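Please read the structure below before turning to the comments.
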Amino acid sequence: MAVSKRFIVKKEANNDVISYFEYDKLKGYNVHPKKNVSFENMINVNEMVIINPSLITKLVGKKCSRSLEKIIKDMSLLYDDDDDTDSGISLVLDELERFRTILMNRYREYMKKEEYNLYLKKLEIIKKELELKQQVLLEREYFEQDTHKSR
């Protein structure tokens, strides 16, 4: 049975201080909740801006690691199936390229330089491995066509 997680945001009672934030000018990481999730007696939130740098780093790292794990899982499924078509490889390559552009455009400013470079290196290694498998499949297909023609 899945454990449900709930987070409650508490506001400290400082009656002497009035705080005003210009949300449009506030730099932070925007988070949107999952769709169709609501609880009774809770505040429904459409968007949340996180401004704590350590929390942003943890959230972005978690999102990136999840995406990378998904790509690796899809890649391992390709190697388990031994399918002779390269359509699955192209789908994983497309997903890898999509994640790479998101990493470069959206997550780079929130990550440490070493962590960012490490993700890029991992993606490059996975990309080379997939392209090698795709090339082997194409050569096998070409060889099979060549042997059928010579008969």
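Please treat every number below as a calculation from the coordinates, not as lab data. All of these numbers come straight from a predicted model, not from anything done at the bench. Cβ coordinates were reconstructed from backbone atoms using ideal geometry, including for glycine residues, and neighbour counts include every protein chain displayed.
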Set Lys34/Lys121; Lys58/Lys133; Lys62/Lys127; Lys27/Lys70 screened for pairs whose C-alpha atoms are more than 25 Å apart: Lys34/Lys121; Lys58/Lys133; Lys27/Lys70
Ranked Ile89, Ile50, criterion: other C-beta atoms within 10 Å, fewest first: Ile50, Ile89
10 Å-binned pair-distance histogram of segment 52-150 (Cα, whole percent): 14, 40, 24, 14, 6, 2, 0
Glu97-Lys35 pseudo-label distance in nm [points 7 Å out on the Cα-to-Cβ vector]: 2.6
Estimated FRET transfer efficiency when R0 is 41 angstrom, pair Gln145-Leu120 (beta carbons, to 0.05): 0.65
